[in-house]
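Take a look at the structure below.
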Amino acid sequence: MSKRESIARYNLIIKKLRKQPSSFSEISDYLAFESDLQEYNFNVSKRTFQRDIEDIRSIYNIDIQYDFSKKVYYIDFDEQPEVNERILEAFDTFNALNISDRLSNYIHFEKRRPQGTGNLYSLLHAIKNKVQISFSYQKFWENTSTHRVVEPYALKEFKSRWYLLARDLMDKKVKSFALDRLTQLVITKKQFVYPIDFDVNEYYRYCFGIIGPNAKEPQEVILTFSRFQGNYIKSLPLHETQQIEFENENELRIKLKIFITHDFIMELLSFGENVKVIKPESLVNSIKEVYNKALNLYKPNQNEKGKSD
């Protein structure tokens, strides 16, 4: 059995148990149905199914349990808060795209693909085993690369690009490194102690994007969107702290608690005339400054005037 079939089967088992607890017989019938539908062989013996449970626990950190009184298998997501909706979305997407080779006329893929993902497995190994790594890193705005030795803490995705969050031993600061700018990766055998006072989720709690906290405290931000754009903001919130202040037929006004970083400003600018910053004043001025500079690019200079005359 191919690795692709095995991974697809794991996802089908998870999908089945997400909906409801099921007996092995019900799971087998479901896998048989999907085998006919997808033209793969997902059928397994009970012994193979037990191995699948172990693989799912190891790969996805999802614990499939057995209820002896009801004789059914189930996933208790309440006891596994790390299994979030994003992971479950990935299962559904994988199952849909698993047959994409026979549906190429119906599925259009994004042409831009992130680079550097070839190091994901090695980086995950280093993070899990708490070992230092070294690599060459070249920033987007620099022509030369530098050698880094870091303690890797986590991986983070933002706008289809992957980043490594790590403590740079050069200056002892926690930084983010774009994987597509990272080369010559070496996994050392030197272990480090993960700081007990550092939590990745808490670190990014009031951040937007990949840039970490740039001030002592996050700020209260109030934005007003056009009614049309507001519908999108309601369905896909800008940030987890988003609260609706009020809405009517003309606008949607929201409040955020967030660090004002370059990533956040760029996101606001992407909405163009459909958003207005109400507060804080510093953010209002930053947005005005960017728009004024952009407008100046389109003002004809003296040379251009001479040519037009």
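Some notes on this structure:
- Relative contact order [Cα under 8 Å, 6+ residues apart], region 1-69, whole percent: 24 percent
- For the set Trp162, Trp141, the ranking by accessible area, highest first and with no ligand, DNA or RNA atoms included, is Trp141, Trp162 under a 1.4 Å probe.
- Residues listed by number, region 173-194, amide nitrogen under 16 Å from Gln138 label point at 7 Å toward C-beta: 178-185
- As a calculated quantity, the FRET efficiency between Lys175 and Arg51 at R0 = 51 Å, using C-beta atoms, amounts to about 0.80.
- Set of region 141-175 residues, backbone N closer than 11 Å to the point 7 Å along the Cα-Cβ line of Lys293: none
- Distance between region 164-225 and region 12-60 - C-alpha centres, whole angstrom: 38 Å
- Computed over the alpha-carbon atoms, region 181-243 gives an Rg to Rh ratio of 1.15, Rh here being the Kirkwood radius from the mean inverse distance.
The values are calculated or read from the model by the stated rules, or taken from the named source; none is laboratory data. A quick note: this is a predicted structure, and the numbers were derived from the prediction, not measured. Quick reminder, even Gly has a Cβ in these numbers, built from the backbone with ideal geometry, and neighbours come from all protein chains shown. Please note that ligands, DNA and RNA were not included when accessible areas were found on the heavy atoms of the full protein model with its side chains. Shrake-Rupley method; radii C 1.70, N 1.55, O 1.52, S 1.80 Å.
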